[in-house]
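The values are calculated or read from the model by the stated rules, or taken from the named source; none is laboratory data. In this text the structure is predicted, and so the values were computed from the model without any measurement. In this analysis, Cβ positions are derived from the backbone assuming ideal geometry, glycine residues included, and neighbour counts consider all displayed protein chains.
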Amino acid sequence: MKISQQNFAQRRQALMAQMEPGSVAIVPSAKELTRNRDVEYPFRQNSDFYYLTGFNEPDAMLVLIPGRSDGEVVLFCRDRDPEMEIWNGYRAGPRGAENQYGIQQAFANDVMDEEIQNLLDGRIRLYYSIGSSDDFDRQVQDWLRGLRAKARNGAVAPGELVMLDPLLHELRLFKDDEEQDLMRAAGRISAEAHVRAMQICKPGMAEYQLEAEISHHFAMNGCRLPAYSSIVGGGENACVLHYTENQDLLNAGDLVLIDAGCELDYYAGDITRTFPVSGRFSDEQKAVYELVLKVQKACIDAVKPGVLWDRIHELSVELLTEGLVELGLLKGEPAELIESGAYKAFYMHRIGHWLGMDVHDVGNYKVDGDWRPLEPGMVMTVEPGIYISPQNEQVEARWRGIGVRIEDDVLVTVDGCENLTDGVPKEVAEIEALMASQVI
Ligand code: GLY
Ligand code: MN
Ligand code: MN
C-alpha cells in the first residue's frame, strides 16, 4: 500500500496554487546521520519532502516554481554512480527522478549552486522552512549572497523570505482517501501488535522482550520500523511518560504500559494500552483503569466536526478530576482543583495531538488566536492517563506507582469519528479474557 504518483503530483499542485505569483519554494530532503564511525542510522526521509515527492533518497532538494515554462517541479539529487551503487545501492539519478517521480526537470547535485541561483533569479518571494536547520539556512544565505553579488549583471535576489510551513502543514493536516486507507492499515497492524503483547506477556519477562514481540509484528507486516521508540513500562516505570529504556523485568502484580505504533509507508499508528502483567487487575489498578477508560470513551464520543480542539482536553480534565476526587486521590472541589492545576500531579499532558506522517504531526491547533474546530479528514489521538507517583505521600501507599494511559487514533468524519485502532481490546473483562487465553 503506497501513496500514488498521481497523488504526489496533486499535492505539489495544491501547494503551488497557494503560493504568491512570482514565488519559489524549496524543500530539502533529510540527510544520512552517523550513528558511530562509518555506520549510519536507518535513513528516514523528511516528511515534508516525502509528502511532495515520494522520493526516498538523501541529499536531494525539491524546488517548486509556479508558472516556470521550463518546468514548475525541479529536483536536485545524487547523480548515478556505479561504484557507490555497488556499495550502497541504487540511485535514481536525475533521469530516473524525471521518469519515475513526475519531476519535470532534475539536476545532479554537483551543479546545484549554479543552477539554484538561476532558478531563484528574479523571483519575488522565497518560501522555505526557515530555522529548521542551521546548515540549510546558511546554504540559502550563500545562494542569496551569490545572487546579490551579480546585481550589476542584472540578477535580482528574492526580497521576501517566507515560512513555507503554514501552507504545507495545513495541507498535511487533512488526510485524503489514500492517506486514510494507509492510516487505517497502520492502526490495524499496531493494534494486532498490542494484542500479541497481551497474549504473550508473563511475569519474569523483560520489558524489551515485549518490545521485541511488537517490533516483530510490525516488521512482519511491512513496517520495518516503529513510528517512534516503543515505550514498555512495567510497574512504576509507567509513570515516566517517555520511558524508553525498556530494560526492567515485569513483575507479577504490576501493570505494564505499552505505547507503540508502526510506521506504514510514512504514516504512523500510536496506541497505548495498560494491562496486568499476570492477567488480572487488582482493585486499585482496576479503579484507576476504569476511570481512565471512562474518560477516554467520553472524549472519543465528543470528537466530531465543529467541536473545538481544546474542548476535548477540557472534557478530559473535568472528568478525570471528578473521578480522582471520587477515588479519594484528590481532596476538594473539582472546579477548584482544576483552577489551581492540582490535577496536574496525576494528569500532566494533554489529551492528544494530530497524527499523520509524524507521530506528533504538523498543523496548527489555533487559528487567528483561537482553538480551531475539528474538521473531517483530521486524525488525532485520544490518550488520557493517570500517573500516581511512587513518591506521592498525599495518597495512601496502595495507590502509589500505578500509571495508566489508554490511547486510540481517531479520524474525524462528517458526523463524528472513526476509531482506527479499535482492534485491540480495552475493557477490563476483554483484556482479562484475552490474557487468560494465552494462545501464543
Ligand atoms: N507515543 C507518543 C505519544 O503518545 O504522544
Ligand atoms: Mn500519542
Ligand atoms: Mn503514544
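The table below lists the values:
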{"read-out": "Tabulated pairs, region 127-142, first touching a residue at least 24 places away in the same chain (Cβ under 8 Å), second of a type in the set (Ser, Thr, Tyr) and not in a loop (DSSP other than H, G, I, E, B), C-beta under 7 angstrom, 6+ apart or interchain", "value": "Tyr127/Ser23; Val140/Tyr128"}
{"read-out": "Candidate set: region 323-347, residues that are touching a Phe, Trp or Tyr at 6+ places or on another chain (Cβ under 7 Å) and touching a residue at least 40 places away in the same chain (Cβ under 8 Å); chosen: the one farthest from ligand 3 (Cβ to nearest atom)", "value": "Leu329"}
{"read-out": "Leu411 within 16 Å of ligand 2 (Cβ to nearest atom), under 23 Å from Ala298 (Cα atoms) and touching a strand residue (DSSP E or B) at 6+ places or on another chain (Cβ under 8 Å)", "value": "yes"}
{"read-out": "Residues of region 359-386 satisfying the condition of being within 16 Å of ligand 3 (Cβ to nearest atom) and surrounded by fewer than 23 Cβ atoms within 10 Å (Cβ to Cβ)", "value": "Val359, His360, Asp361"}
{"read-out": "Filter result for the condition that a residue is under 23 Å from Gly416 (Cβ atoms) and aromatic (Phe, Trp, Tyr), over Tyr289, Tyr365, Tyr347", "value": "Tyr365"}
{"read-out": "Looking only at region 147-179, and only at residues there that are assigned to a helix (DSSP H, G or I) and of a type in the set (D, E, K, R), the one that is farthest from Leu52 (Cα to Cα)", "value": "Arg152"}
{"read-out": "Subset of region 265-280 (residues that are within 16 Å of ligand 2 (Cβ to nearest atom), hydroxyl-bearing (Ser, Thr, Tyr) and more than 23 Å from Val428 (Cβ to Cβ))", "value": "Tyr267"}
{"read-out": "Subset of region 387-420 (residues that are small (Gly, Ala, Ser) and surrounded by 23 or more Cβ atoms within 10 Å (Cβ to Cβ))", "value": "Gly403"}
{"read-out": "Selected residue (only one of Cys223, Cys201, Cys299 is under 22 Å from Ile388 (Cβ atoms), of a type in the set (A, V, I, L, M, F, W, C) and within 16 Å of ligand 1 (Cβ to nearest atom))", "value": "Cys299"}
{"read-out": "Tally of residues being touching a helix residue (DSSP H, G or I) at 6+ places or on another chain (Cβ under 7 Å), within 22 Å of Glu314 (Cα to Cα) and away from ligand 2 (no atom under 14 Å from the Cβ) across region 366-399", "value": "7"}
{"read-out": "Breaking point among (1) within 13 Å of ligand 3 (Cβ to nearest atom); (2) of a type outside the set (S, T, N, Q); (3) in contact with a Leu (Cβ under 6 Å, 6 or more places away or on another chain); (4) assigned to a strand (DSSP E or B), for Val256", "value": "(1)"}
{"read-out": "Tabulated pairs, region 148-171, first without any contact (Cβ under 8 Å) to a residue 40 or more places away in the chain, second assigned to a helix (DSSP H, G or I), C-beta under 6 angstrom, 6+ apart or interchain", "value": "Ala155/Leu147; Ala157/Leu144; Ala157/Leu147; Ala157/Arg148"}
{"read-out": "Residue within region 13-23 that is of a type in the set (D, E, K, R) and either at positive phi or surrounded by 19 or more Cβ atoms within 10 Å (Cβ to Cβ) (or both) present", "value": "no"}
{"read-out": "Qualifying residue in region 70-77 (condition: surrounded by fewer than 19 Cβ atoms within 10 Å (Cβ to Cβ), within 30 Å of the chain's Cα centre (by Cα) and farther than 20 Å from Phe43 by Cα)", "value": "yes"}
{"read-out": "Number of the condition not met by Leu293 [criteria: (1) within 16 Å of ligand 2 (Cβ to nearest atom); (2) touching a residue at least 40 places away in the same chain (Cβ under 8 Å); (3) among the hydrophobic types (A, V, I, L, M, F, W, C); (4) farther than 27 Å from Glu178 by Cβ]", "value": "(1)"}
{"read-out": "Residue match in region 330-337 (condition: within 16 Å of ligand 1 (Cβ to nearest atom), modelled with pLDDT of 95 or more and acidic (Asp, Glu))", "value": "no"}
{"read-out": "Qualifying residue in region 221-230 (condition: away from ligand 3 (no atom under 14 Å from the Cβ), buried (at least 22 other Cβ atoms within 10 Å of the Cβ) and not polar (S, T, N, Q))", "value": "yes"}
{"read-out": "Subset of region 362-392 [in a loop (DSSP other than H, G, I, E, B) and charged (D, E, K, R)]", "value": "Asp368, Arg372, Glu375, Glu383"}
{"read-out": "Scope region 29-49; condition surrounded by 13 or more Cβ atoms within 10 Å (Cβ to Cβ) and either aromatic (Phe, Trp, Tyr) or outside any strand (DSSP E or B) (or both); matching residues", "value": "Ser29, Ala30, Lys31, Glu32, Phe43, Arg44, Gln45, Asn46, Ser47, Asp48, Phe49"}
{"read-out": "Residues within region 231-264 that are at pLDDT 95 or above, more than 16 Å from ligand 2 (Cβ to nearest atom), hydrophobic (A, V, I, L, M, F, W, C) and crowded, with 18+ Cβ neighbours inside 10 Å, tallied", "value": "4"}
{"read-out": "Any hit, region 266-289, residues being of a type in the set (Val, Ile, Thr), under 30 Å from Thr413 (Cα atoms) and assigned to a helix (DSSP H, G or I)", "value": "no"}
{"read-out": "Single residue of Arg350, Arg372 found to be basic (Lys, Arg), in contact with a Leu (Cβ under 8 Å, 6 or more places away or on another chain) and at pLDDT 95 or above", "value": "Arg372"}
